[in-house]
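Q: For reference, the structure I am asking about is given below.
The values are calculated or read from the model by the stated rules, or taken from the named source; none is laboratory data. All figures in this text were calculated on a predicted structure; none of them were measured in a lab. Positions of Cβ are generated from backbone atoms using ideal geometry, with glycine treated the same way; all protein chains shown enter the neighbour counts. Only protein heavy atoms, including side chains, enter the accessible area calculation; ligands, DNA and RNA are left aside. Shrake-Rupley method; radii C 1.70, N 1.55, O 1.52, S 1.80 Å.
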Amino acid sequence: MNLIYDVSQYEGVNQVDGWLDPQINLNNENSFFFAHQSGRIYYSGKSEGYHNSEILNLPQALKDDGFMSLTSFVLHPSFTRPEDPDYATLFTTHTSKYFQANIQNRLTIDGTNIPFTYETIITAWRYNFQYQTIDPESAREVLRIPIVSKEQAIQTMKFKSDNKPWSRDFGLLYFSLNSLNDYAHIPIYSGAILRINPKKFGARNYLIPPNNPFIKDPSVDDEIVFMGAKHIENFYWAKSDNASIFINHKNAKNYSVSEVMYGDDWRSKPQINPQWDLDELMPATLYYTGRKFLELKDKLLFVTLVDNSWHVNARSVLDINQDFSVFEVVNIEQEPLKTANLSLIQGKLDDIFIFDRSKSTLHRLTSYSQVIDINETKDEKADHGNVIKYFVIVFVFLPLVFFTYIYFGKTAKERAFRQYVKRVIRFKYNSNTQIVLLFKGNKKECYKQIPISDINRCEVLLNGTIIGLVDNQLKKLFSNQKEDEIREIFSTEHFSNMVDDKMRKIELVVHLNAQTHTLCVYLRKGKNRVTSTKYFESVEIVLDLFWDLSKHFNPKETEARDFQAPIEVAQGYRHVPIKSEPSESKNGEYVDSTLSETNDLTEQPDLVQAIDKLVNLHKQGYLSDKEFSQAKAKLFK
């Protein structure tokens, strides 16, 4: 383990402790932002020559005579994305004295006579990369919440790190507020997690995400997503889990790790059985999602002290009370420290950093030496020889197990795939009527019609990954550049080999006001295509829908489309269905699967232009050699 920084001697800090968890500069793994409770923030970057000067004095910048302490700070996920409006944005929370007159941006509590003493305040700032400083004039107060004690202030503030820029929840700010004992029946003071969109919108300094669970409940603040946990010390998410949050919280008798769902209210029902209970102080934890230490991936890490050495314990967050626990031993030369003073941080390049708040030092975990069983005694270690016997037994039966798995596993996969096909929702789209028709499984009857005027957001997924979107609320419109990028992604995927079990899937996720539909545009497994529409036909349908949606969202700001279907054959080709199902022609009527004679290319007034466009279609892979020859022959009839 390597020492990276010692911040105890930074100018302007009179006390060694009081440091908050550092934030990693997303542009440079060796650069960090350090913040002290006194309100001073520093930037340190080894690649830039040990720059460690103060970049912000928060009490001076805010000119706040009632300032008490800085409690947390976090960088926006678009901090290093110049093309994003939130570029170079960071947020701080601080505690200040309560003044009744400061009502702007205050989350008010009606009908109570609580004797407030302090307020916990969220502020947005802009960082100047050129001068490596935070602009004090950029301060924008986002939200303030009145509290009674300093311990109740916001201590944890986070963005969900695995969200992508095109994700619906990207850029949403989460923070926790601890309970106020005599007023724990009030939702916001019951031990709650809140979620906001910290963007400024007109006169409002933040927005309420439309999918917050308590929006329709007038008795609960719209910002709340979970409540009733009393004292929340930390919270985090399991990878790709958008329905729950894991919290470290303190009960009357012990400390626990629990999984909670968005919309849970623990005030009115008993607490769900926790994943982990501790009688002693909860150690620092980190849910590790990196790949540098594969044995630790998707595990909950925490530090303990064993035989005068630090140990990083890795456990499954879904089964944290399992009997066998894995310890990764980290040897250090200095005096061991109390684990309560440590923090674990995951870097952009999946490094693990350990920050010792009591000595103000930051370390990088470079390796681990062995794996041991925490429940294993010294007498049990002598029985390791018995392990060999178990390996022998396993290898004797391994061939039998392997062939059994191959035989029955393949059958199970095929059965599961058939069930999946029955559940998918197919769709048809007509550009003229601008109506999306939905079909369940292989059924021919349309069960739902969706006018595109009802759609607020649409995402296109290739093999489960979002590659494009249009969004009315976020003003994400479609453009020729985005169309080119999506075409490139689809073309790259088309040239990849399709082995027997490989699945190629194009989906649309359509968001309405209160509903979300996942539609299957194209599905192929191995050499077998399940859907009626061919691959590049599906691409064209998706692009047509995206352009129509963008024009509907904002017709003035949507640019003119460069690529247009040059000939009726191309449109017919794109929408040709398979054998038994009719498709819709350009005028919205159902036609036979064979191309109509009315699509003769000689109807094009400019023959040269038609030939050029036909050649372009052929080069881009939208027409096979045979179809290109047939279409060209029609031109010269």
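Q: Consider residue 90 carefully, then state whether it is open to solvent by less than 30 Å² (accessible area, probe 1.4 Å), part of a strand (DSSP E or B) and more than 19 Å from residue 205 (Cα to Cα). Explain how you work it out, then say what you get.
A: Numbers: open to solvent by less than 30 Å² (accessible area, probe 1.4 Å): yes; part of a strand (DSSP E or B): yes; more than 19 Å from residue 205 (Cα to Cα): no.
No.
Q: Let me ask something else. Restricting to segment 184-223, what's the tally of residues that are over 27 Å from residue 475 (Cα atoms) and surrounded by fewer than 15 Cβ atoms within 10 Å (Cβ to Cβ)? First the steps, then the outcome.
A: First, pick out the residues of segment 184-223 that are over 27 Å from residue 475 (Cα atoms): 184-193, 217-220.
Adding the requirement that they be surrounded by fewer than 15 Cβ atoms within 10 Å (Cβ to Cβ) leaves 185, 217-219.
Residues in segment 184-223 being over 27 Å from residue 475 (Cα atoms) and surrounded by fewer than 15 Cβ atoms within 10 Å (Cβ to Cβ): 4 in total.
Q: Just one of (1) open to solvent by less than 20 Å² (accessible area, probe 1.4 Å); (2) outside any loop (DSSP other than H, G, I, E, B); (3) over 25 Å from residue 218 (Cβ atoms) trips up residue 78, so point out which.
A: All conditions are met except number (2).
Q: Output the qualifying pairs, or none if there are none: Cβ atoms under 8 angstrom, residues six or more apart or on different chains, first residue in segment 484-501 and farther than 14 Å from residue 461 by Cα, second residue exposed (fewer than 12 other Cβ atoms within 10 Å of the Cβ).
A: Once the first residue is farther than 14 Å from residue 461 by Cα and sits in segment 484-501, its partners that are exposed (fewer than 12 other Cβ atoms within 10 Å of the Cβ) give 498/527; 500/527.
Q: Answer yes or no: is there a residue in segment 166-182 that is open to solvent by 10 Å² or more (accessible area, probe 1.4 Å), acidic (Asp, Glu) and free of Cβ contacts under 8 Å to residues at least 60 places away in the same chain.
A: Yes, that holds for at least one residue.
Q: Considering 95, 112, which residue is open to solvent by less than 50 Å² (accessible area, probe 1.4 Å) and in a strand (DSSP E or B)? Talk me through it step by step, then tell me what you get.
A: Details: 112 fails: in a strand (DSSP E or B).
It is 95.
Q: I would also like to ask the following. Return only the number of the condition from (1) at pLDDT 80 or above; (2) over 18 Å from residue 470 (Cα atoms) that residue 561 does not satisfy.
A: Of everything listed in (1) at pLDDT 80 or above; (2) over 18 Å from residue 470 (Cα atoms), residue 561 misses just condition (2).
Q: Quick one: which strands (runs of 3 or more DSSP E) lie wholly within segment 1-74 and hold at least 2 residues that are at pLDDT 85 or above and over 22 Å from residue 350 (Cα atoms)? Reasoning before the result, please.
A: Values: elements: 2-6, 31-35, 40-45, 54-57.
Hits in segment 1-74: 40-45, 54-57.
Q: Give the residues of segment 494-539 that are assigned to a helix (DSSP H, G or I) and open to solvent by 30 Å² or more (accessible area, probe 1.4 Å), sorted by residue number.
A: Narrowing segment 494-539 to residues assigned to a helix (DSSP H, G or I): 494, 535-539.
Of everything in segment 494-539, just one residue is assigned to a helix (DSSP H, G or I) and open to solvent by 30 Å² or more (accessible area, probe 1.4 Å), namely 494.
Q: On to the next question. Given the criteria hydroxyl-bearing (Ser, Thr, Tyr), surrounded by 13 or more Cβ atoms within 10 Å (Cβ to Cβ) and more than 19 Å from the chain's Cα centre (by Cα), does residue 447 qualify?
A: So residue 447 does not fit the description; no.
Q: Within segment 118-136, track down each residue that is open to solvent by 30 Å² or more (accessible area, probe 1.4 Å), at pLDDT 90 or above and within 13 Å of residue 89 (Cα to Cα).
A: To start, the set of residues in segment 118-136 that are open to solvent by 30 Å² or more (accessible area, probe 1.4 Å) comprises 118, 126, 128-133, 135-136.
Retained after the next criterion (residues that are at pLDDT 90 or above): 118, 126, 135-136.
Passing the criteria: 126, 135, 136.
Q: Quick one: which of 489, 466, 506 is over 21 Å from residue 426 (Cβ atoms) and in contact with a strand residue (DSSP E or B) (Cβ under 6 Å, 6 or more places away or on another chain)? Quick ask: steps written out before the conclusion?
A: Working: 466 fails: over 21 Å from residue 426 (Cβ atoms); 506 fails: over 21 Å from residue 426 (Cβ atoms).
Exactly one residue qualifies, and that residue is 489.
Q: Could you list, in sequence order, the residues of segment 474-531 that are among the hydroxyl-bearing types (Ser, Thr, Tyr) and within 26 Å of the chain's Cα centre (by Cα)? If you could, list the steps in order and put the result at the bottom.
A: Looking only at segment 474-531, we keep the residues that are among the hydroxyl-bearing types (Ser, Thr, Tyr), and these are 479, 491-492, 496, 516, 518, 522, 531.
Those that are among the hydroxyl-bearing types (Ser, Thr, Tyr) and within 26 Å of the chain's Cα centre (by Cα): 479, 492, 516, 518, 522.
Q: Still on this model: Every residue in segment 467-480 that is open to solvent by less than 30 Å² (accessible area, probe 1.4 Å) and of a type in the set (Val, Ile, Thr), please.
A: Let us first name the residues in segment 467-480 that are open to solvent by less than 30 Å² (accessible area, probe 1.4 Å), namely 468-471, 478-480.
The one that is open to solvent by less than 30 Å² (accessible area, probe 1.4 Å) and of a type in the set (Val, Ile, Thr): 470.
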